[in-house]
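The values are calculated or read from the model by the stated rules, or taken from the named source; none is laboratory data. Just so we're clear, the structure is a prediction, and the values are computed from it rather than from any experiment. All Cβ positions, glycine included, derive from the backbone under ideal geometry; neighbour counts span all protein chains shown. Each accessible area value is taken on the protein alone, full model and side chains, heavy atoms only, with ligands, DNA and RNA left out. Shrake-Rupley method; radii C 1.70, N 1.55, O 1.52, S 1.80 Å.
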Amino acid sequence: MSVEDDPATTERETAEEEAAGDAGAAASATPKLRAENVTKQFGRIVAVDDVTLDVRPGEIFALVGDNGAGKSTLMNVLSGVHAPTEGQLYKDGEPVQFSNPSDARAKGIETVYQDLALMDDLDIATNIFMGSFPKRGVGPLRVIDWNATYERSRAIMREQLGREMDIQTEVEFLSGGQRQLVAIGRALAFDPDVIILDEPTSALSVDATRLVQNTLDRLAEEGITIVIVSHNIESVLEHADRIGVLYQGSLVDIMAPSETDLEELNELMTTGTLETGLLDD
């Protein structure tokens, strides 16, 4: 029997072709979120300069850069805080315009900011649904449905975040990592398919950082697209699917963690280019 007729060989080749096809399909799929030639100016200051990037469905995409690189401004454009001066945003291939974060929320985009904006003297469930409590009753007699609030909060923490927590615990008694999870849980209450996080592991302990990282990995596995703005390069290299590097408002490169390392990323962040020696290595 020839090699061509060997069933094991044929099966292996078929599997390899299917895997290659799946990888190609993932790369060519309609982006979950796209910024096309986006520029944002504040007076004469160009904070974001002609940035084009695609964020793929279900991936963890990290934006890194030095202070003043434009990370926060680009995040605010994607989340509806700022309208772009020039360029166009797309969600699932459709052009979108955001006048405020509520417009972005209506399109399935939630943002968790670095300060978290949690109320320490209120419990986990109240923080998750603050401003959007489940209601019962009719018309002007509608009141907060506390049973539904606690049930849904418990489901978010357990089923989506994979954590057993007493949702009646006041936030002031939580660790840094647990507080970050509450802020993510509040975003999940609006059933988003994109979550943007600003420095999610900033000032956290090693254990708290690992807790947040594992949670983001879990959400990505569930199909939620994650965009991270971060200074934590080691964490980005370990957990991101792709990394976009901003330098003085421009997107200088997008790469997979397997294609780069800490030294190269630091070089790109601080100079916008790679020295010949680094490229040769």
Inside the range 238-259, the number of residues satisfying the requirement of being crowded, with 19+ Cβ neighbours inside 10 Å and modelled with pLDDT of 95 or more is 8
Candidate set: the range 188-209, residues that are in a helix (DSSP H, G or I) and at pLDDT below 95; chosen: the one surrounded by the most Cβ atoms within 10 Å (Cβ to Cβ)
209
Go through 96, 55 for me and flag whichever is among the aliphatic types (A, V, I, L, M), open to solvent by less than 70 Å² (accessible area, probe 1.4 Å) and in contact (Cβ under 8 Å) with a residue 40 or more places away in the chain.
55
Among the residues of the range 58-68, how many are surrounded by fewer than 21 Cβ atoms within 10 Å (Cβ to Cβ) and within 18 Å of the chain's Cα centre (by Cα)?
2
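Could you look through the range 54-83, keep only residues that are hydroxyl-bearing (Ser, Thr, Tyr) and modelled with pLDDT of 95 or more, and pick out the one that is farthest from residue 105 (Cα to Cα)? Break it down stepwise before answering.
Of the residues in the range 54-83, the ones hydroxyl-bearing (Ser, Thr, Tyr) are 72-73, 79.
Checking the rest, the ones that are also modelled with pLDDT of 95 or more come to 73, 79.
On the way: 73: 18, 79: 8 Å.
Restricting to residues being hydroxyl-bearing (Ser, Thr, Tyr) and modelled with pLDDT of 95 or more, the top hit is 73.
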Scanning the range 220-247 residue by residue, the ones that are within 25 Å of residue 164 (Cα to Cα), outside any strand (DSSP E or B) and under 10 Å from the mean Cα position of the chain (by Cα) total 2
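To keep it simple, each residue is scored yes or no on (1) surrounded by 19 or more Cβ atoms within 10 Å (Cβ to Cβ); (2) in contact with an Asp or Glu (Cβ under 7 Å, 6 or more places away or on another chain); (3) within 25 Å of residue 75 (Cα to Cα).
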| residue | (1), (2), (3) |
| --- | --- |
| 155 | no, no, no |
| 158 | no, yes, no |
| 171 | yes, yes, no |
| 176 | no, no, yes |
| 185 | yes, no, yes |
| 211 | yes, no, yes |
| 217 | no, no, yes |
| 228 | yes, no, yes |
| 235 | yes, no, yes |
Among the listed residues 71, 91, identify the single one that is farther than 22 Å from residue 180 by Cβ, open to solvent by less than 30 Å² (accessible area, probe 1.4 Å) and not polar (S, T, N, Q).
91
Is at least one residue of the range 41-53 closer than 18 Å to residue 195 by Cβ and either within 17 Å of the chain's Cα centre (by Cα) or modelled with pLDDT of 95 or more (or both)?
yes
Starting from the range 104-122, keep only residues that are under 18 Å from residue 167 (Cβ atoms), then list their pairs with residues that are open to solvent by 70 Å² or more (accessible area, probe 1.4 Å) whose Cβ atoms are within a distance under 6 Å, requiring at least 6 positions of separation or different chains.
120/172
